[in-house]
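Below is one structure, written out as structure tokens; the observations come after it.
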Amino acid sequence: MDDATRAATPPTAGPPTGLAPTGSNWDDFAAPPPGTHPPLDSPAYRSTAKRHPRRAPLRLDPAGADTTELTAPVFGDGDVDPADADLTVGPTGEAIGQRIVVTGRLLDGAGRPIPSSLVEIWQANASGRYAHPQDRWPGALDPNFTGAGRALTGPDGTFRFTTVRPGAYPWGNHSNAWRPAHIHFSVFGRSFLQRLVTQMYFPDDPLLDRDPILGSVPDPAARTRLVAAYDHDVTTPEWALGFRWDIVVRGPARTPTEHDDG
Ligand SMILES: [Fe+2]
């Protein structure tokens, strides 16, 4: 295809053959189906009414050239210690609770692994309490559990955390409102301006269907992609239960995230 023909090609026609990276096809880059991401204003999730944006976003890149990968702050691989992925080791002993391993792969829309990406997690402790001054509900604090961890994905896109299963906690959204057990996840691209935030849930939790935050994802199939699977092969004898959960950052099987960009 010559330049004149390419310039005349409507943008909705998809990329000309040969422009996609090797091994990719146009479907891998398609927007996720409607209903994958929660709307920023979800009335059943009451606090979104006060904090969803009411104006159009401002561009962080004034030139409009989408050069954030080149101009934004980045992190180095050496900044992340492998020990940061074990949340059960406290200053005076082990964290209290059911020890678990949470592992999965970070994948693009074609199922290819995304290596060397920073994955961060934060969660309540086994009592359902965050180690945060604004969390005042009377669940016990654990001096050996901060609830924060991070890891870099390996060459095959794998991340792996050792932690304790978080407890449910009340959150005042409505009468007798309790959050199901969950772990917050953040995934960075190669710069700090590329960030996705979501939550992982546990299977067979009776609170899943009562949670307005999980319920704010309109598509039921997309909601199931936020629930980890129990994996007996990940379970470690005499030591920890195992859960597996993959994160897909684009395409039809995309993991729902808290900021709808599509
Ligand atoms: Fe939470």
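Bear in mind these aren't lab numbers, they're just calculated from the coordinates by the rules spelled out. Computed from a predicted model, the values in this text were never measured in an experiment. When we count neighbours, we look across all protein chains shown, and the Cβ atoms used for this are built from the backbone with ideal geometry, even at glycine.
Would you mind checking which residues have amide H under 5 Å from V164's amide H? H placed 1.01 Å from N; only 5 or more apart, or other chain.
I100
Once you order the gyration tensor axes a ≥ b ≥ c over the Cα atoms, which shape class does segment 92-215 get: rounded for a/c under 1.5, otherwise prolate or oblate by comparing a/b with b/c?
It is prolate, given that a/c is not under 1.5 and a/b is the larger ratio.
When ranked by the protection proxy of mean other Cβ atoms within 10 Å per residue, highest first, what sequence do the peptides 210-221, 87-98 form? Intermediate values should be presented prior to the final figure.
Details: 210-221: 17.5, 87-98: 14.6.
Ranking the peptides 210-221, 87-98 by packing returns 210-221, 87-98.
Rounded, prolate or oblate: which one fits segment 184-256, using the alpha carbon gyration tensor with axes a ≥ b ≥ c (rounded when a/c is under 1.5, else prolate when a/b beats b/c, else oblate)? Intermediate results must be reported in sequence, preceding the final value.
Numbers: a/c = 2.06, a/b = 1.22, b/c = 1.69.
Oblate, because a/c is 1.5 or more while a/b does not exceed b/c.
Hey, can you grab everything whose amide H is under 5 Å from the amide H of I247? Only 5+ residues off in sequence or another chain; H modelled, so Pro and N-termini drop out.
Under 5 Å from the amide H of I247 lie the amide H atoms of R105, L106, L107, each far enough along the sequence or on another chain.
Tell me, in nm to one decimal, what length is gained between H232 and L40 on full extension, where the rule is 0.36 nm per residue of separation less the Cα-Cα distance?
So the extension gain works out to 65.5 nm.
Quick one: 3J(HN,Hα) in Hz for segment 161-171, Karplus 6.51/-1.76/1.60 with θ = phi - 60°, rounded, Gly and Pro as x.
My calculation for segment 161-171 gives 10, 10, 7, 10, 5, x, x, 6, 9, x, 9 Hz in order.
State the extension gain, in nm to one decimal, for the chain segment bounded by R112 and R244, taking 0.36 nm per residue of separation less the distance between their alpha-carbons.
On the way: separation 132, 0.36 × 132 = 47.52 nm, distance 1.71 nm.
Full extension from R112 to R244 adds 45.8 nm.
List, in order, the whole-Hz ³J(HN,Hα) value for each residue of segment 118-129 obtained from phi through the Karplus relation with A = 6.51, B = -1.76, C = 1.60 and θ = phi - 60°; use x for Gly and Pro.
Once rounded to whole Hz, the list reads 7, 10, 10, 10, 8, 7, 6, 7, 5, 8, x, 10.
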